[in-house]
Amino acid sequence: MPSLFPGLGADARFTLTVFVLATVAWIATSVDDTYIALGAGLALTATGVISSRTLFATLGDETVWLLICAFVLAAAVTRTGLAGRAAAFLVSGARTVRQLVHLATAALLVTSFAVPATSGRAALALPVFLALAKVLEDRRRLVVMLALLFPTVVLLSAVATLIGAGAHLITVSVLWEQAGRRLGFVEWLLLGLPLAVVSSHLAAEAVLLTMTSRADRRAPVDLTPAAIEEHSPTPVTGPLTTAEARCALLLATVVVLWCSEPLHRVPPAVVALIGAVVAASPALGTVRLKEALRTVPWPLLLFMAATMAMGVALADSGAAAWLVAGLPADGPPWLFLTVVVLVSTAAHLALQSRSARSSVLVPLVVAAAVAAGVNPVTAALASTAAAGFCHTLPASAKPVALFADVPAGVPTYTPRDLLRLSAVLAPLTAGVVLLFALTVWPLLGVPVLLEAQP
């Protein structure tokens, strides 16, 4: 062991061994990602690299509670059918194919504030897509384009909010443990929402241009709420029901409180907990707490907790610093960030889990950024945002797989369609993330260079 990792202490060598084995297992085996992460965390705890308090404290992190409560709120929204009504209202205003594409993109972007995790948003959007597919069943190419548009936007718009993906919470935890920087809901929103808007609408154009002909785009569309409701499992017209009105008011209040955190200083997790308690209350709620808790992805939370513990071990043992010590530290910041973005964009080909990609990449990116004099917040956000691209294969992401396996009779995309889109979307996504990291985020208070931080 010492000959493999010269210059490292025993704890660092063992941590690095566990980290490498876990990464290989995530890539090369069919064993559940959560089981591997828990095994790695247990090995580090049993050998004394980290304490049991450190391992179990990760489950009590406020970002984990934020995600739990956000899923309870999402269950309340889903139960009322409010999301489907809002989406149908938006897309029914489209008169051209391009309008339909960008209105659907805007609707999917908004769901990032209401539904955590990309798989949950994809499941919520699927009934809306099926209703649109029935209305447009005589225009097969247009339906296939929408089938590809929905998961594409769901994945790329996730960066808009802290609760958009479990990987974001891992990134926040690593930044706090390794760099002492705590990114809150508002700061993430300030940095992530503009990127989500730009990348989602550019991706929508890419999907439109690669999947339809000029004749398809020129033909008008006529989507009325009544036509959509005919094929929708929930009502999309008429006045809001009492449950829908209460849920809409509650969700709006929670989002406003999240966004105004600097004014009232109530942590986002506490706001989410208040919202979850109200959403599941007997008098005012729209979902029973037991039913809502069943929608929480407990394996994801355990995975996050275990990988957070792995990140602590990498940082505290010195293994992360040793891994990046051999990298050149005198190159220009744009070159460092370019490498980070390119590697993160391609990482989905090896690691299919978005959270696993962040668990592997972000601790190394943060350590390398500090060594290179680059702001670790910029590097970590760029890596996390770029890792949101995972469109090459149907198995690369759950939303992509979900829309590739729609009910029989509904046309959808083929693996060849995905490859054609990814050839355009991969460089486009990487370029947009790099542009934001180098030019836009510095204007928003996150400089490129470490020494330039206020």
Out of (1) open to solvent by less than 10 Å² (accessible area, probe 1.4 Å); (2) over 25 Å from GLY373 (Cα atoms), what's the single condition that is false for VAL172?
-> (2)
Is it the case that ILE27 is touching a residue at least 40 places away in the same chain (Cβ under 8 Å), open to solvent by 60 Å² or more (accessible area, probe 1.4 Å) and closer than 30 Å to LEU162 by Cβ?
-> yes
Out of all the residues in the range 92-99, is one or more closer than 20 Å to THR152 by Cβ and at pLDDT below 80?
-> yes
If you go through the range 358-378 one residue at a time, how many are at negative phi and in a loop (DSSP other than H, G, I, E, B)?
-> 1
So which residues in the range 303-342 are in a helix (DSSP H, G or I), open to solvent by 70 Å² or more (accessible area, probe 1.4 Å) and touching a residue at least 40 places away in the same chain (Cβ under 8 Å), if there are any at all?
-> ASP316, TRP322, TRP334, LEU342
Just checking, how many residues over the range 415-450 are surrounded by fewer than 16 Cβ atoms within 10 Å (Cβ to Cβ), over 20 Å from VAL144 (Cα atoms) and touching a Pro at 6+ places or on another chain (Cβ under 9 Å)?
-> 4
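Here's the yes/no breakdown for (1) touching a strand residue (DSSP E or B) at 6+ places or on another chain (Cβ under 6 Å); (2) under 30 Å from ALA386 (Cβ atoms); (3) free of Cβ contacts under 8 Å to residues at least 24 places away in the same chain:
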residue: ARG53; (1), (2), (3): no, no, yes
residue: ALA76; (1), (2), (3): no, no, no
residue: ALA87; (1), (2), (3): no, yes, no
residue: LEU109; (1), (2), (3): no, yes, no
residue: ALA122; (1), (2), (3): no, yes, no
residue: VAL144; (1), (2), (3): no, yes, no
residue: LEU149; (1), (2), (3): no, yes, no
Subset tally (residues that are among the polar types (S, T, N, Q), within 16 Å of the chain's Cα centre (by Cα) and part of a helix (DSSP H, G or I)) for the range 156-210 | 5
Restrict the check to the range 95-102 and report whether at least one residue is open to solvent by 20 Å² or more (accessible area, probe 1.4 Å), closer than 16 Å to ALA204 by Cβ, touching a residue at least 40 places away in the same chain (Cβ under 8 Å) and in a loop (DSSP other than H, G, I, E, B).
-> yes
Among what's in the range 345-357 and is in contact with a Leu (Cβ under 9 Å, 6 or more places away or on another chain), assigned to a helix (DSSP H, G or I) and under 23 Å from PRO297 (Cβ atoms), pick the residue that is most open to solvent (accessible area, probe 1.4 Å).
-> ARG354
Residue pairs meeting the criteria (Cβ under 7 Å; at least 6 apart or on separate chains; first more than 28 Å from GLY192 (Cα to Cα) and assigned to a helix (DSSP H, G or I), in the range 408-435; second among the basic types (Lys, Arg) and open to solvent by 20 Å² or more (accessible area, probe 1.4 Å)) = none
Could you check, for the range 126-144, whether at least one of its residues is surrounded by 23 or more Cβ atoms within 10 Å (Cβ to Cβ) and within 30 Å of PRO376 (Cα to Cα)?
-> no
Residue ID - modelled with the highest pLDDT, chosen from residues in the range 25-46 that are closer than 21 Å to LEU59 by Cβ and among the polar types (S, T, N, Q) = THR45
Residue selected from the range 175-192 under the condition more than 15 Å from GLU261 (Cβ to Cβ), among the hydrophobic types (A, V, I, L, M, F, W, C) and buried (at least 18 other Cβ atoms within 10 Å of the Cβ), by the criterion modelled with the highest pLDDT | LEU175
Could you tell me which residue of the range 263-285 is farthest from VAL115 (Cα to Cα), considering only residues that are open to solvent by 70 Å² or more (accessible area, probe 1.4 Å) and part of a helix (DSSP H, G or I)?
-> LEU263
Got a number for residues in the range 194-216 being open to solvent by less than 50 Å² (accessible area, probe 1.4 Å), hydrophobic (A, V, I, L, M, F, W, C) and modelled with pLDDT of 90 or more?
-> 7
Name the residue, out of VAL72, VAL64, that is assigned to a helix (DSSP H, G or I), among the β-branched types (Val, Ile, Thr) and at pLDDT 85 or above.
-> VAL72
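The values are calculated or read from the model by the stated rules, or taken from the named source; none is laboratory data. What you see is a predicted model; the values in this text were computed from it and never measured. Please note: Cβ atoms are built from the backbone with ideal geometry, for glycine as well, and neighbour counts cover all protein chains shown. Ligands, DNA and RNA are excluded from the accessible area calculation, which covers all protein heavy atoms including side chains. Shrake-Rupley method; radii C 1.70, N 1.55, O 1.52, S 1.80 Å.
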